[in-house]
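**Student:** Handing you this structure, nothing more for now.
The values are calculated or read from the model by the stated rules, or taken from the named source; none is laboratory data. Keep in mind the model is a prediction, meaning the values are calculated, not measured. Cβ coordinates were reconstructed from backbone atoms using ideal geometry, including for glycine residues, and neighbour counts include every protein chain displayed. Note: areas computed on protein heavy atoms with side chains; ligands, DNA, RNA excluded. Shrake-Rupley method; radii C 1.70, N 1.55, O 1.52, S 1.80 Å.
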Amino acid sequence: MSFRKPHELHGRRFGRNLGLGIVLAGSVALIFGLTIAKVSDDSFVVPTQVEGGY
Amino acid sequence: MSDASLSASQTQPGDASFGDFFALLKPRVMTLVVFTALVGLLVAPGAVNPVIGFAAILFIAVGGGASGALNMWWDADIDRIMKRTRGRPIPAGKVSEGEAFGFGMALSGISVVMLGLATNLVAAGLLAFTIFFYVVIYSMWLKRWTPQNIVIGGAAGAFPPMIGWAAATGSVSIEAVLMFALIFMWTPPHFWALALFMKGDYHEAGVPMLTVTHGRRATRNHILVYTLLLTPVALALAFTSIGGPLYLAVALFYSLLFLKGAWEIWRRDEDMAEADGYANEKKVFKHSLYYLFALFGALWGEAILTYYGFGGWQILSVLG
């Protein structure tokens, strides 16, 4: 284990990775929320119930 | 070789921070995009599921940001010259041009596809056209070719409320067209006021701004004419299904203020403007921002009043 102070570049990379992680987690949450909103809508029909669906 | 070009040529992919990528999305411009798109969505008839509404605004904002990133990629050469843009991520050497291009293209695709899935194809098509218009028609073609660049390019910034409306209704109506026209007509006097006091920038970068090609007198004339043309568009919205007395009062007040500022700009010459450090031009530029936020805010106010049964012109019959 190193006790050296991390380089500024590592701090920047960590910030970018953390930011990307938050964005990805947010995307998962948003797409899940959108799915729930879409299937809860009164006009939603399961594809197998559509005429000609299989 | 200038210091700027030296740092740009040394930019290595992978060195940028999260904030540098966020800056590529032009967050300040995005504020306007988010606000006008939100108003477009909220004033539209019919209810929108809050999750779908949130997603729609988010993807419109991401699409607007993506076009900003692609604009910065294309304009990196002139951004290095202009004082106002020298600190942007590419000229500052924080993000490489390739990264900005990839980032902008990826976000463009994601935003259009996701808006289409979340809402409808009309909204997604309008967003795709907006990105194309801003990047290809404005940035690549008009900006460096004609002094009318601001006039035609302003259409790109005018689309968000129309996209918001389309996201809620699946179509475009006269109200959406008038909201588009309001921003379209507002953009030229807003930017020309800026060009009057950002004197040397556009000239040094070789961008054919009206101030450079036709002179500052012609620019002052244009500001007055466009503000005069903007006023009937702003007032016309009051007499549509989304307008009403509240909007009319706000639109009248701010239109008179904007006209007064444009008149003062027209009356002044360069000597007068230089004497007070372009105080009036700066004031009009700032007021023009309040103008747009106030008018769209008033449309939102009408929508809230309508929800409680007091919106639009029906209030007169309620009071009568």
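**Student:** Somewhere in region B:187-201, is a residue surrounded by fewer than 20 Cβ atoms within 10 Å (Cβ to Cβ) and either closer than 26 Å to B:Ile57 by Cα or among the small types (Gly, Ala, Ser) (or both)?
**Tutor:** yes
**Student:** Separate question: Pick from region B:8-20 the residues that are modelled with pLDDT under 90 and open to solvent by 40 Å² or more (accessible area, probe 1.4 Å): which of them is nearest to the other protein chains (Cβ to nearest Cβ)? Full working, then the answer.
**Tutor:** Of the residues in region B:8-20, the ones modelled with pLDDT under 90 are B:8-17.
Subset that is open to solvent by 40 Å² or more (accessible area, probe 1.4 Å): B:9-10, B:12-13, B:15.
Details: B:Ser9: 19, B:Gln10: 14, B:Gln12: 10, B:Pro13: 12, B:Asp15: 7 Å.
Only one residue tops the list, namely B:Asp15.
**Student:** Given the options B:Phe159, B:Phe132, name the one that is surrounded by fewer than 22 Cβ atoms within 10 Å (Cβ to Cβ) and among the aromatic types (Phe, Trp, Tyr).
**Tutor:** Numbers: B:Phe159 fails: surrounded by fewer than 22 Cβ atoms within 10 Å (Cβ to Cβ).
None of the others qualify; the one that does is B:Phe132.
**Student:** Name the one entry in B:Ala61, B:Ala23 that is at pLDDT 90 or above and either under 30 Å from B:Gly312 (Cα atoms) or more than 14 Å from chain A (Cβ to nearest Cβ) (or both). Step through it out loud before you land on a result.
**Tutor:** Working: B:Ala23 fails: either under 30 Å from B:Gly312 (Cα atoms) or more than 14 Å from chain A (Cβ to nearest Cβ) (or both).
B:Ala61 is the lone residue from the list that is at pLDDT 90 or above and either under 30 Å from B:Gly312 (Cα atoms) or more than 14 Å from chain A (Cβ to nearest Cβ) (or both).
**Student:** Can you find a residue that is without any contact (Cβ under 8 Å) to a residue 12 or more places away in the chain and within 30 Å of B:Met179 (Cα to Cα) anywhere in region B:218-225?
**Tutor:** Keep residues of region B:218-225 that are without any contact (Cβ under 8 Å) to a residue 12 or more places away in the chain, which gives B:218, B:225.
In the following step, the residues that additionally are within 30 Å of B:Met179 (Cα to Cα) were identified as B:218, B:225.
Looking for residues that are without any contact (Cβ under 8 Å) to a residue 12 or more places away in the chain and within 30 Å of B:Met179 (Cα to Cα), one finds at least one in region B:218-225, hence yes.
**Student:** For B:Val151, are the conditions met, namely being surrounded by fewer than 24 Cβ atoms within 10 Å (Cβ to Cβ) and closer than 18 Å to B:Leu230 by Cα?
**Tutor:** Values: surrounded by fewer than 24 Cβ atoms within 10 Å (Cβ to Cβ): yes; closer than 18 Å to B:Leu230 by Cα: yes.
It is true that B:Val151 is surrounded by fewer than 24 Cβ atoms within 10 Å (Cβ to Cβ) and closer than 18 Å to B:Leu230 by Cα.
**Student:** So for region B:93-109 (the condition being in the same structural domain as B:Ala47 (by TED's automatic domain parsing), in contact (Cβ under 8 Å) with a residue 60 or more places away in the chain, within 30 Å of B:Tyr278 (Cβ to Cβ) and among the basic types (Lys, Arg)), does at least one residue qualify?
**Tutor:** No.
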